[in-house]
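**Q** Let me give you the structure first, and then I'll get to my questions.
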Amino acid sequence: MRLFNELARLEEQNRAFALLQIIESRGSTPRHSAWMIVTEQGDTAGTIGGGMMERLAIEAAREAIVQGASRLFEARLARQGENAVGSDCGGAMTIHIAVYPRRPALFLLGAGHVNREVARLAVGLGFIVTLADTWPANLQHPELPAVCRRVGGNDYAAIVPQLGLDDQSYVIIATNHEDREALEQLISLPLRYLGLLASTRKAHHFRNLLRKEHGLSEEQLARLHAPLGLKIGAETPMEIAVSIIAELIQLHRTGQISSIMLPQDHRASAARLVPVEKPMPLSR
């Protein structure tokens, strides 16, 4: 029962973990049927037998969590030979390591027309959605999904520290008139994705401001996706939201973003691939 409670707690907190299960045991082994939880930080609940075998299984589980892929862990309870774990029991075990990654967290700065539509689509796709705005009325809009977390404040300098952002966070800026302030709070943070709803001209203007006034390098500026979204000719808020969500899904599934770049003479187009660290599953 403790394991089920721990699984529920990890799911509620949106923490990545692995569930280890003994699926085969041969000969003399400390356990023949058991389960164990390992988190990405190395915290554990339950046991599959202890000793060096369990220690190596925990290491394998943490590695699997980082890679986002389930695997089998083979252990021979011997001191020498293939898969030996330095034990004298003499048996062998096969352990299935099932990885449950975090659900993607999407933070929408500005709860206006486009981000409301983005929120509705994202919730249906399994994202954990947080909306932030300096206008309380925007956060109470009846079309916002009820499950969305909502964060308010006098300005984005006060809001951003409340969000709990990390290197797996997806952030989209689409405020009423505070894009620059929000961008200045976010551009130096190690985010998975940072997008700004802007025209090409506006995006160019903001990049110049960040370059001149904040001394940001081209490498830092390249982290900003603006204009954002796949180029599908979107015009309405819902169409724009579809293009944005499509770009986020592409990042999840392929680990890169393909955007269409138009040459200055607008006579041809080319696809540009922007590499990112690695793809992550959309949901568990």
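**Q** Looking only at the range 201-241, count how many residues are open to solvent by less than 70 Å² (accessible area, probe 1.4 Å), assigned to a helix (DSSP H, G or I) and of a type in the set (A, V, I, L, M).
**A** The qualifying residues number 6.
**Q** Filter the range 169-185 down to the residues that are part of a loop (DSSP other than H, G, I, E, B) and surrounded by fewer than 21 Cβ atoms within 10 Å (Cβ to Cβ) and list them by number.
**A** Matches in the range 169-185: ASN176, HIS177, GLU178.
**Q** Need the failing condition index for ALA61 against (1) open to solvent by 40 Å² or more (accessible area, probe 1.4 Å); (2) closer than 30 Å to ARG103 by Cα; (3) of a type outside the set (Lys, Arg), just the number.
**A** If we test ALA61 against (1) open to solvent by 40 Å² or more (accessible area, probe 1.4 Å); (2) closer than 30 Å to ARG103 by Cα; (3) of a type outside the set (Lys, Arg), just (1) comes out false.
**Q** Just the residues that are touching a strand residue (DSSP E or B) at 6+ places or on another chain (Cβ under 6 Å), within 15 Å of ALA111 (Cβ to Cβ) and small (Gly, Ala, Ser), please, taken from the range 148-182.
**A** Correct list: ALA182 only.
**Q** Quick check on this structure: which one of SER33, SER28 is modelled with pLDDT of 90 or more and among the small types (Gly, Ala, Ser)?
**A** Just one listed residue meets the conditions, SER33.
**Q** Another one. Filter the range 36-58 down to residues that are open to solvent by 60 Å² or more (accessible area, probe 1.4 Å) and among the acidic types (Asp, Glu) and give me whichever is modelled with the lowest pLDDT.
**A** Within the range 36-58, the match that is modelled with the lowest pLDDT is GLU40.
**Q** Which residue out of GLU54, GLU143, GLU63, GLU74 is over 21 Å from TYR193 (Cβ atoms) and free of Cβ contacts under 8 Å to residues at least 12 places away in the same chain?
**A** GLU63
**Q** Looking at the range 102-138, which of its residues are over 27 Å from LEU7 (Cβ atoms), open to solvent by 10 Å² or more (accessible area, probe 1.4 Å) and either assigned to a helix (DSSP H, G or I) or among the polar types (S, T, N, Q) (or both)?
**A** Passing the criteria: HIS113, VAL114, ARG116, GLU117, ARG120, LEU121, THR134, PRO136, ALA137, ASN138.
**Q** Separate question: Kindly indicate whether any position in the range 83-96 is modelled with pLDDT of 90 or more, open to solvent by 40 Å² or more (accessible area, probe 1.4 Å) and not in a strand (DSSP E or B).
**A** No - not one qualifying residue is present in the range 83-96.
**Q** Within the range 66-76, how many residues are over 24 Å from ALA92 (Cα atoms) and open to solvent by less than 90 Å² (accessible area, probe 1.4 Å)?
**A** 1
**Q** Determine whether ASP166 is over 22 Å from GLU117 (Cβ atoms), open to solvent by 20 Å² or more (accessible area, probe 1.4 Å), part of a loop (DSSP other than H, G, I, E, B) and at pLDDT below 90.
**A** The answer is no for ASP166.
The values are calculated or read from the model by the stated rules, or taken from the named source; none is laboratory data. Model, not experiment: these values are computed from the prediction. Cβ sites come from the backbone with ideal geometry, for glycine too, and all protein chains shown count toward neighbours. The protein model used for the area step is the full one, side chains on, heavy atoms only, and it has no ligands, DNA or RNA in it. Shrake-Rupley method; radii C 1.70, N 1.55, O 1.52, S 1.80 Å.
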